[in-house]
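Worksheet: the structure to be examined is printed underneath.
Please treat every number below as a calculation from the coordinates, not as lab data. Everything quoted here is computed from the prediction, not taken from an experiment. FYI the Cβ positions are ideal-geometry reconstructions off the backbone, even for glycines, and counts take in every protein chain you see.
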Amino acid sequence: MQRGHTISELLVALAVAATLGGVAVPGLAWVQGRAAVKTDAQRLALVLRRAQARAAASGDTVCLRLNDQGRRYVCEQTGAGGTATVESGEFNGACATNYPGAAVEFRLWGWPCSLSGEPRAGSFVFTCHGAESSVVLQMGGRIRWS
């Protein structure tokens, strides 16, 4: 008695595997995109909280600015000694914001302001492969991410 598979059985098995792979790959991209945007939103929320705390503690103006179409950020502190970069980094994906100039400033009390110095609430949104995550900066300074 011989054991083995016919060529047609192998072709059917390969066709089934290819079909399952074609269905699974787009789902995997969404899962990877969701993980990336969540990580970016968490990172931005922490950066914003550090900038806010630095401004409240020092009394200086701390500005977080998005660069390179929202893929990078730089955080600068301006005080009596001039302006110094205190933090910078990059995200996995692009970030969109409704802050003018893609920048938010924190002043003495840690409240968010636009570059003109007007208090302003706003949001930052990350998207990748249909997944979306956001960071919301409320007028009173509370920072939430989802």
Taking only C-alpha pairs under 8 Å that are 6+ residues apart, what is the relative contact order of the chain in percent? 23
Mind checking the stretch 55-120 for chymotrypsin sites (Phe, Trp or Tyr not before Pro) that DSSP puts in a loop (not H, G, I, E or B) and that have at most 16 other Cβ atoms within 10 Å? Trp109
So how strong a dipole does the stretch 7-145 carry about its Cα centre when Lys and Arg Cβ are +1 and Asp and Glu Cβ are -1, to the nearest 20 debye? 380
Using modelled amide H (1.01 Å from N, peptide plane; none on Pro or chain starts), what sits under 5 Å from the amide H of Asn67, excluding residues fewer than 5 places away? Arg72, Tyr73, Val74
Which is farthest toward the positive dipole end of the chain among Thr85, Gly4, Leu46, measuring Cα position about the Cα centre, with Cβ charges +1 (Lys, Arg) and -1 (Asp, Glu)? Leu46
Output the 0 to 90 degree angle, nearest 10, between the alpha-carbon long axis of helix 7-58 and the longest principal axis computed from the alpha carbons of the chain. 10
How much length, in nm to one decimal, is gained on full extension between Arg3 and Ala96, taken as 0.36 nm per residue of separation minus their Cα-Cα distance? 27.4 nm
Here the Kirkwood hydrodynamic radius of the chain, Cα-based and in Å, equals 17.5
Summing -39500 (n - 2.57) over every DSSP H run of at least 4 residues in the chain and dividing by its residue count gives a helix-only mean residue ellipticity at 222 nm, to the nearest 500 deg cm²/dmol, of -13500 deg cm²/dmol
Treat each spin label as a single point 7 Å out from the Cα along the C-beta direction, and report the Asn67 to Arg50 distance in nm. 1.6
Restrict the search to the stretch 26-95; then list the GluC sites (Glu not before Pro) that DSSP places in a loop and that have at most 16 other Cβ atoms within 10 Å of their Cβ. none
